[in-house]
Amino acid sequence: MIEKVVLRPYALPLIKPWRAARATLRARRGMLIGVFADGLAGWGDCAPLPSFSDAQEHAVFAALDRAAEFLRDATFDAACAGLEAIDNAQARWAVETALLDLSSRRRGLPLHQALGGRPATRVAVNAAAGALDEGCAARVAGALSQGFQIVKIKVGVGDLGDEARRLRELASAAKIRFRLDANRAWSGEDARCFLDGVADLPIDGVEEPLARPSLQNLRRLQDRYAFALAVDESLFELGPEKLFAARAVRRLVLKPARIGGFDATLRLAETAAAVGMEVVITSVVDSAIGVAAAAQLAAVLNPTRAHGLATSSWLARDVATPLALRSGALILPDGAGLGLAPEGEFAQF
């Protein structure tokens, strides 16, 4: 029987602004959910996407409130069975994370092993260098000194020629691979112009290159280049089944909170892998609880592929001690479940 359910809102200021798709983030707002039973607690993180309006953010937290009310005095089995009834993806991700954390703590297993993954101690990640501005070179140099092999850079913010020139300068100064994210900034012509100009550089992949993506124009663009193109926020606009059938890109970037939880993300990743697509797990400057959950999920899928989870250093404070980062990888805790829990003021309800 679930003995107690708590909700704890938070607002975490960023050290510097984070440019996401259609929004600039200066603070990360969300709500932790804690589910208590048998002297143990499982934790989840509900953080609306930065692009959400106030009304959409309110809807997310209202859905989490309804889910928490259902969980109170429910059996664990009934709580798990009720996940499908949660009609909001971010709320469902938070509740499922808390229940899985609690269940795996009961079993004495790290969450990724409880889900059937092989034992893993680390998950490879890319560095996050922000926009391709004048300070980017210093951030890339810092990433290289920390042992990262891939650095993610936001492009499509400035002039095409200036960004191509700066990327080429970075490539000549640092032996590191670039994962570019255009956030749907370019027309087809601009995308070809920029990518043709940097195609000889060590490009790991390019995320969301087109302002108006379609299966046909993405496939034509992907066929033009040896590196992977990727979709993220366009996934449901294009339709997962249609995207897989067309093999329009070679990589899928999945935010579990957008997809709606562990189970939904794992099923989508399995289908993508069956048609030869790579899968990368990412988050949007989430709290330590959210990042730890996404890292456990990434460990189930492929802990050696660089995932987009090294964002904790952008936060001025956090709800718990973030996962350690060493030589371009997040270090998974030894303990059961997520391996961490809220600390300090965030452990007070």
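Numbers below:
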{"item": "Percent of beta bridges antiparallel (DSSP, segment 122-331, rounded to nearest 5)", "result": "15"}
{"item": "The chain - charge dipole about Cα centre, Lys and Arg +1 at Cβ, Asp and Glu -1, debye rounded to 20", "result": "780"}
{"item": "Computed magnitude of the charge dipole of segment 130-256 (debye, nearest 20; Cβ of K, R +1, Cβ of D, E -1)", "result": "440"}
{"item": "Kirkwood Rh and Cα Rg combined as Rg/Rh, segment 142-266", "result": "0.98"}
{"item": "Dipole moment magnitude, nearest 20 debye, segment 1-139 about Cα centre, only Lys, Arg, Asp, Glu C-beta charged", "result": "600"}
{"item": "Expected 222 nm ellipticity per residue - DSSP helices of 4 or more, -39500 (n - 2.57), all of the chain, to 500", "result": "-11500 deg cm²/dmol"}
{"item": "Angle in degrees between helix 262-274 and the longest Cα principal axis of the chain, rounded to the nearest 10", "result": "40"}
{"item": "10 °C / 1.306 mPa s Stokes-Einstein diffusion coefficient of the chain, Kirkwood radius on C-alpha pairs, µm²/s", "result": "77"}
{"item": "Highest to lowest packing among 50-62, 156-168, 125-137, scored as the average C-beta count within 10 Å", "result": "125-137, 156-168, 50-62"}
{"item": "Of Met31, Ser104, Phe76, farthest towards positive along the dipole that unit charges on Lys, Arg, Asp, Glu beta carbons give the chain", "result": "Ser104"}
{"item": "Relative packing of peptides 192-201, 298-307 - highest average C-beta neighbours within 10 Å first", "result": "298-307, 192-201"}
{"item": "Sites Ala23 and Ala347 - FRET efficiency at Förster radius 25 Å, r taken between beta-carbons, to 0.05", "result": "0.25"}
{"item": "Pairwise centroid distance, computed over Cα atoms, of segment 9-69 with segment 184-248, Å", "result": "30"}
{"item": "Between segment 274-309 and segment 89-158, the Cα center-to-center distance that results, in Å", "result": "6"}
{"item": "Non-local Lys pairs in the chain, i.e. 8 or more apart or on different chains, that have alpha carbons under 19 Å apart", "result": "6"}
{"item": "Segment 4-108 - Kirkwood radius from inverse mean 1/r over Cα pairs (Å)", "result": "14.4"}
{"item": "Using alpha-carbon coordinates, inclination of helix 160-173 to the longest axis of the chain, degrees", "result": "80"}
{"item": "Relative contact order (%) - segment 186-281, alpha-carbon pairs under 8 angstrom, separation at least six", "result": "24"}
{"item": "Cα long-axis angle, helix 54-71 against the chain (0 to 90 degrees, to the nearest 10)", "result": "30"}
{"item": "Stokes-Einstein diffusion coefficient of segment 1-55, Kirkwood radius over Cα pairs, 10 °C, 1.306 mPa s, in µm²/s", "result": "122"}
{"item": "Positive-end residue of Leu180, Leu229, Ala295, charge dipole of segment 122-331 with Cβ unit charges", "result": "Ala295"}
{"item": "Amide H within-cut-off set for Leu332, under 5 Å, with H built and near neighbours excluded", "result": "Arg122, Val123"}
{"item": "Cut-off under 5 Å, modelled amide H: who pairs with Leu40 long-range", "result": "none"}
{"item": "Signed unit charges on C-beta, dipole axis of the chain, positive-most listed residue Val95, Gly308, Leu40", "result": "Gly308"}
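Readers should treat all values here as calculations from the given coordinates under stated rules, not as data from a laboratory. The structure displayed is predicted, hence computed values, not measured ones. Positions of Cβ are generated from backbone atoms using ideal geometry, with glycine treated the same way; all protein chains shown enter the neighbour counts.
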